[in-house]
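Everything below concerns the one structure shown next.
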Amino acid sequence: MSRPSNHRRITIVGAGVAGLVTAMECVLRGAEVEILERAPALGERACSWLAGGMLAPWCERESAELAVQQRGELALDWWPRHVRDTVRRGTLVVAPARDAGELARFAARTQAHVGVDEADIAKLEPELAGRFRRGLFFPREAHLDPRRALKTLAARLTDLGAVLRFGIEAEPHALDADAVIDCRGFAARADLPDLRGVRGEAMLVRAPDVSLSRPVRFLHPRFPLYIVPRADQRFMIGATMIESEHDGPPTLRSAMELIAAAVSLHPAFGEAEILELEAGLRPAFPDNLPRLSVVGRVLCLNGLFRHGFLLSPALAQEAAERLLPERALRHGVSA
């Protein structure tokens with residue numbers, strides 16, 4: 001008996017954010033989905049685990065193409081439907097008074113923001129009162145905790161009948177399924193020769209004396225960074241972006257830069273406890289834009305660069321619609 005032409009059985013290789021979001025889009029269209037992951041557990045070896053979790057399409061426009069903003073706007077609706085812990089409190093961008101030009105440049109390259117003065121900043125983030133004269137506020141942006149989000153998606157996929165298998169080093173071209181989607185990130189470089197790795201380093205700290213309610217981007221003149229609040233007074237501080245495929249531990253220089261910039265934003269970060277200091281390789285193509293590529297019989301979703309959580313919903317929908325064009329999306333299945 002011939003298999004249906006709309007790819008009912010789909011195998012996805014890779015259980016990072018791209019793989020899990022793509023699996024959800026396929027499951028919601030009625031496909032039988034299996035996800036294969038080489039790591040022994042969710043999150044191990046995955047750059048998704050180290051992500052900041054900012055859903056900031058307009059902020060990212062400062063250094064990214066318009067396509068990133070346009071595709072990224074979809075994430076602001078997608079993530080709250082599937083992860084209830086998604087927080088919609090916007091993004092605050094600040095700079096030292098001497099670097100007002102950096103703030104003006106950021107404003108000129110972005111949209112959907114309002115200018116804020118010292119009093120506005122104090123209302124948004126009281127602990128930054130008196131530290132910055134001007135800033136930008138992007139009220140429609142959001143953030144989430146990537147680790148909790150991935151766990152939520154994995155649990156929901158299992159509830160919906162998808163199968164997750166860990167500890168399997170799968171070769172996508174050898175798999176038996178109606179369709180195979182390769183979401184391995186940098187590990188897929190053998191099939192995508194123009195894929196490169198961009199090294200990023202980030203720090204997770206616990207700072208009991210700091211309280212921030214939304215991501216803050218600090219346009220430090222030497223070490224620009226973002227700080228994203230998590231539960232239990234934890235904060236993700238990141239991230240360096242180095243054109244290197246070295247996959248070793250973070251360097252002392254990077255740690256010093258992250259710490260110095262964080263303390264410049266809020267001196268109480270000087271007393272924070274360092275919980276993690278990690279490095280990872282972000283998969284990127286030469287233009288830093290993601291792609292859906294067909295290699296043999298495999299559909300490759302890759303090149304999300306530093307926009308994994310922001311762009312994965314749009315790319316996943318494009319992949320699912322390509323493989324399951326006749327299947328209507330099921331609704332009412334929010335986590």
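Which value at 222 nm does the chain reach when only helices count, each DSSP H run of 4 or more adding -39,500 (n - 2.57), with the total divided by all residues and rounded to the nearest 500 deg cm²/dmol?
Details: 9 runs with 91 residues, N = 335.
The helix contribution divided over the chain gives -8000 deg cm²/dmol.
Fewest first, what order do HIS173, HIS266 take by the number of other Cβ atoms within 10 Å? Walk me through the numbers on the way to the answer.
Values: HIS173 12, HIS266 22.
The order, fewest Cβ neighbours first, is HIS173, HIS266.
Using DSSP, restrict attention to beta bridges with both residues in the chain and report what percent are antiparallel, rounded to the nearest 5.
Working: 40 of 59 bridges.
Counting only bridges with both partners in the chain, antiparallel ones make up about 70 percent.
Which one of PRO96, PRO40, GLY14 has its Cα pushed farthest toward the positive end of the charge dipole of the stretch 1-142, where Lys and Arg give +1 and Asp and Glu give -1 at the Cβ?
Value: GLY14.
Rounded, prolate or oblate: pick one for the stretch 66-105, where a ≥ b ≥ c are the square roots of the eigenvalues of its C-alpha gyration tensor, a/c under 1.5 means rounded, and failing that, prolate if a/b is larger than b/c, else oblate.
Verdict is oblate for the stretch 66-105.
For the chain, I need the span (max minus min coordinate) of the C-alpha atoms along each principal axis, in Å, sorted largest to smallest.
Taking max minus min along each principal axis of the Cα atoms, the chain gives 72, 40, 35 Å.
In whole Å, what three semi-axes, largest first, describe the equivalent ellipsoid of the stretch 183-286 built from its Cα gyration tensor (square root of 5 times each eigenvalue)? Don't skip to the end; give the middle numbers.
Values: eigenvalues 162, 37, 29 Å².
Taking √(5λ) for each eigenvalue gives 28, 14, 12 Å, largest first.
P(r) of the stretch 177-242 in 5 Å steps, Cα pairs, percent per bin?
Per 5 Å bin, starting at zero, the Cα-Cα P(r) for the stretch 177-242 comes out as 4, 13, 17, 15, 12, 11, 12, 9, 5, 2, 0 percent.
Which residue, PRO193, PRO283, PRO221, has the most motion in a Gaussian network model of the chain that connects Cα atoms within less than 10 Å?
With Cα springs under 10 Å in the chain, the top fluctuation among PRO193, PRO283, PRO221 is at PRO193.
Order of GLU271, GLU60, GLU37 from fewest to most other C-beta atoms within 10 Å? Don't skip to the end; give the middle numbers.
Details: GLU271 12, GLU60 22, GLU37 28.
The fewest-first ordering by Cβ neighbours comes to GLU271, GLU60, GLU37.
Taking amide H positions as placed 1.01 Å from N in the peptide plane, with prolines and chain starts having none, which residues 5 or more places from ARG133, or on another chain, fall under 5 Å of its amide H?
Under 5 Å from the amide H of ARG133 lie the amide H atoms of ALA97, each far enough along the sequence or on another chain.
Going by a ≥ b ≥ c, the root eigenvalues of the Cα gyration tensor, does the stretch 98-200 fall in the rounded group (a/c under 1.5), the prolate group (a/b larger than b/c) or the oblate group?
prolate
Which whole-number percent gives the relative contact order of the stretch 1-83, counting Cα pairs below 8 Å spaced six or more residues apart?
Across the stretch 1-83, relative contact order equals 23 percent.
Using +1 on the beta carbon of Lys and Arg, -1 on that of Asp and Glu, and nothing else charged, what's the dipole of the stretch 172-273 about the Cα centre, debye to 20?
So the dipole magnitude of the stretch 172-273 works out to roughly 480 debye.
For helix 308-323, what angle does its Cα long axis make with the longest principal axis of the chain, in degrees from 0 to 90 and rounded to 10?
Once rounded, the angle reads 20 degrees.
With +1 on each Lys and Arg Cβ and -1 on each Asp and Glu Cβ, and nothing else charged, work out how big the dipole of the chain is about its Cα centre, in Debye to the nearest 20.
520 debye
Values in this text are rule-based calculations from the coordinates and carry no lab data. Quick caveat, the model's predicted, so the values are computed rather than measured. Note that each Cβ is placed from the backbone with ideal geometry, even for glycine, and that neighbours are counted across all protein chains shown.
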